[in-house]
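Read through the structure below, which is laid out as structure tokens, and then see the notes.
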Amino acid sequence: MKPLLFLLTITQLNFAIAAERPNILFAIADDWGAHAGAYGTPWVKTPAFDRIAKEGLLFTHAYTPVAKCAPSRAIVLTGRHAWQNEEAGNHMAYFPAKLKSWPEVLTEKGWHMGITGKGWGPGIANDVDGKPRKITGKPFDKRKAPAPTSEMGNTDYAANFIDFLNAAPKDGSWCFWYGSTEPHRGYEYESGVKKGGKKLSDIQKVPDYLPDDDIVRNDILDYAFEVEHTDNHLARMIAELEKRGQLDNTLIIVTADHGMPFPRGKGYAYEDSNHVPLAVRFPGGLKKPGRVIDDFVNFTDLAATILDYAGVAEKDSGMMSITGKSWRPILESEKAGRVIAERDHTLIGKERNTHFGNGSQRPCQ
């Protein structure tokens, strides 16, 4: 009797490998609230984020437990709440040597781990000997491009991603942290109108807690222009993955560290301060892409999710106990709406007041 032969197409084989251990692209913007085309926001265009949502999952109730850069990003890195992260639970503080990040874990496990732009901070992250740690990976920041406005940086995130991919070993997994510093303030006043082609009338309704005048409308559109800059680089990264045939074996997670830098936003503990955008794409493991998920999820879940898909058990990671839970049951479900009944709330808190305030500056102070 002849042995049975099982034949897989290249695509099927790629999906099988991806489902076991995908590459990972983690994109996190600085000060971007839940404003995107996929969320029905008319005054910002985010085709790359919208594509990830359409081909993956869009989360409507994603939150950071603390709406400030350093404590929020420490939660992302450790999977632990701010009060569990000691000094790293503060803004402009220290990242304790005993706290390990999931990028450090992946690096130890042989992953090609890199970053462009902003990782954890502001603050200091040293090891027990006082030497700086690469808690978000090896930096890839050499590529520059003309800044779109006088207030924006000149980092060419997408070009740096290409450098990272070129440096990746042919056989092995990679993980890249895309940390856009936009739409953090400052903003070039009226850049949204003058450079982004926007109109004040694009904003159908100004949030009730802000004055509705031309100054505020311009400020919102200037913020939107910087969101679109972040999205443009994400689009270029997606195109590069397609070009290399790696898109369908890459787990892509797109989010932001907290809400927009306006009063009642960044630095506070309100809906618009802690509610963040979140879309996830992974064709090799997702069923029924395009689903909208209403489960409450938060940043403590990220470390658990990434380690889960990386094939690293928490007990083998060397990390301190992770509070969050992996999103795999949500991602690989066929349901929309509320997938896990117990995910009906999340916890948020407010870090100490500092001279950074809510990150705002004129005209919205």
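Taken together, the values in this text are just the output of simple stated rules run on the coordinates, not laboratory data. On a predicted model such as this, the values are computed, not experimentally measured, just so you know. Cβ placement follows ideal geometry from the backbone for every residue including glycine, while neighbour counts extend to all protein chains displayed.
Phi angles across region 196-212 convert, under the Karplus curve 6.51 cos²θ - 1.76 cosθ + 1.60 with θ = phi - 60°, into 3J(HN,Hα) values of x, x, 8, 10, 4, 6, 4, 7, 5, 8, 7, x, 4, 8, 10, x, 9 Hz, Gly and Pro given as x. Of the cross-linked pairs K100/K315; K243/K287; K170/K288, those separated by over 21 Å at the C-alpha level are K243/K287; K170/K288.
Computed from phi, the 3J(HN,Hα) profile of region 142-158 under the Karplus parametrisation 6.51, -1.76, 1.60 (θ = phi - 60°) reads 6, 6, 10, 8, x, 5, x, 9, 5, 9, 9, x, 10, 6, 8, 4, 5 Hz, with x in place of Gly and Pro. Need one number: the % of Cα-Cα pairs in region 116-225 sitting beyond the 21 Å mark. Cα-Cα pairs in region 116-225 separated by more than 21 Å: 55 percent.
Within region 114-154, the percentage of alpha carbon pairs spaced more than 13 angstrom apart rounds to 64%. Under the classification rounded if a/c is under 1.5, otherwise prolate if a/b is larger than b/c and oblate if not, where does region 79-122 fall, given a ≥ b ≥ c as square roots of the Cα gyration tensor eigenvalues? Cα axes put region 79-122 in the oblate bin. Peptide packing for 130-137, 29-36 was compared via the average number of neighbouring C-beta atoms within 10 Å per residue; ordered from the highest value, the list is 29-36, 130-137. The mean sequence separation of alpha-carbon pairs under 8 Å and at least six residues apart, normalised by the residue count of the chain, gives a relative contact order of 30 percent. Near F299, once Lys and Arg are set to +1 and Asp and Glu to -1 for all other residues with Cβ below 9 Å from its Cβ, the sum equals -1. Mind checking the log10 I(q)/I(0) for region 159-203 at q = 0.19, 0.23 Å⁻¹? Debye, one equal scatterer per Cα, no solvent, two decimals. Log-scaled intensity ratios, in q order: -0.73, -0.86.
The protection proxy used here, the mean number of other Cβ atoms lying within 10 Å of each residue, ranks peptides 297-307, 149-159 as follows, highest first: 297-307, 149-159.
Its DSSP H runs of at least 4 residues, each contributing -39,500 (n - 2.57), put the calculated 222 nm mean residue ellipticity of the chain at -8000 deg cm²/dmol, to the nearest 500. The H on the amide N of E188, modeled in the peptide plane, is under 5 Å from the matching H of E151, each at least 5 residues off or on a different chain.
A 27 angstrom limit on the alpha carbon distance is what I want to check against. Which of K98/K325; K138/K350; K68/K194; K138/K335; K68/K195; K45/K266 exceed it? Long pairs (Cα-Cα over 27 Å): K138/K350; K68/K194; K138/K335; K68/K195. Packing order of peptides 185-194, 273-282, highest average first: 273-282, 185-194 (average count of other Cβ atoms within 10 Å over each peptide's residues).
What is the distance in Å between the Cα centres of region 244-273 and region 82-145? That distance is 18 Å. Label separation (R328 vs K194): 5.2 nm, computed from points 7 Å beyond Cα along the C-beta direction.
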